[in-house]
Structures are given as C-alpha cells and as structure tokens.
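What follows is a set of notes on a single structure, which appears directly below.
None of the figures in this text is laboratory data; all of them are computed from the coordinates on show. None of these values were measured; they are calculated from a predicted model. With ideal geometry, Cβ positions are generated from the backbone for all residues, glycine too; neighbour counts draw on all protein chains shown.
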Amino acid sequence: MGIYTITLKNCAFYANHGAFEQEVSLGQRFFVDVVMHVEADEALENDDVASTVHYGTAYEIVEKAVTEHRRNLIEALASDIAKALCAWSPRIRRAEITVRKPSVPIRGILDYAEVRVEHVT
C-alpha cells in the first residue's frame, strides 16, 4: 500500500498565542502549513471523497486547534494540530505542521519565526 500527500499551504488565523503579555492581550496572525501523509487505499482507484481525507474538514480541525486553545509556544501549537489531525483520521499516517509567527517580539528585523513538528501514527 502506498502513501500520497495532501497539503494545506499558508492557512491564516488570528489568535492569542505567545509567552509575553502583549501577545496574549493583543493577539496576532499565525500562518500554518499542513502536510498529511495519507494511506493510498481505494481512494486513488474509486475517486470517492469518502475514501480519502477531506481537506475541508482538515482545515476546520486546524482552525479549531489554533483559535480555541491558547499556547505559550508555537512548537506546542504545531504539535496540537498534528495530534488532532492524526486522531481525527486513521488514514493519516504522518502529519507535518509548520507554524509561522510574523510578529515576533524580539529586537531584530525578520519576516517571521517558524517551527516545524512531525507526528507519526
């Protein structure tokens, strides 16, 4: 049995994650990339959406993880997302989650801070 990937790229959310008081009170944008490695069973042959991972539902799971539970670390947030996706569908064998935080409260000029977490079932 093979594997194929489903990718959700640059999903944007507004949330209150962060370790500093200003981040918690004001909130900010977060960008999430999702790569799901999915078991290639009958979906590739039968062309039936019920046989695969519905990426609309996957997006909703990501949105809920980002917007409903506050975390200090974007590493923990990425892990929450990966675990939620793998728990939702046994077809997902591995989830790779990247979280980008463009408004980083540090001295310096940069586009964003980014972390990537993998969860394997």
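Sorted from fewest to most neighbouring beta carbons within 10 Å, what does the list LYS101, LYS83 look like?
Details: LYS101 19, LYS83 16.
With the fewest neighbours first, LYS101, LYS83 line up as LYS83, LYS101.
How much net charge surrounds GLY18 when only the other residues with a Cβ under 13 Å from the Cβ of GLY18 are counted, with Lys and Arg +1 and Asp and Glu -1?
On the way: positive: ARG29, ARG70, ARG71, LYS101; negative: GLU21, GLU23, GLU75.
Charge balance in the 13 Å sphere: +1.
Taking the beta-carbon count within 10 Å as an exposure proxy, list THR121, THR98, THR7 from fewest neighbours to most. Don't skip to the end; give the middle numbers.
Numbers: THR121 15, THR98 18, THR7 10.
Lowest count first: THR7, THR121, THR98.
Over the chain, what relative contact order in percent results from Cα pairs under 8 Å that are six or more residues apart? Display every interim value, and only then the final one.
Numbers: 230 pairs, mean separation 32.6, N = 121.
Result for the chain is 27 percent.
Quick check: net charge around GLY27, other residues with Cβ under 14 Å of its Cβ, Lys/Arg +1 and Asp/Glu -1?
My count for the surroundings of GLY27 gives +1.
So if R0 is 22 Å, what FRET efficiency would ALA76 and SER51 give, r being the distance between their Cβ atoms, rounded to the nearest 0.05?
Numbers: r = 33 Å, r/R0 = 1.48.
Once rounded, the FRET efficiency stands at 0.10.
Which of the peptides 10-20, 69-79 is most tightly packed, and how do the rest follow, going by the mean number of other Cβ atoms within 10 Å of each residue? Don't jump to the answer; show the numbers that get you there.
Numbers: 10-20: 14.7, 69-79: 17.7.
Ranked from most to least packed, the peptides come out as 69-79, 10-20.
Which of (1) 14.6, 46; (2) 16.8, 54; (3) 15.6, 54 is the computed Rg and Dmax of the Cα atoms in Å for the structure on display?
The value computed from this structure is option (3).
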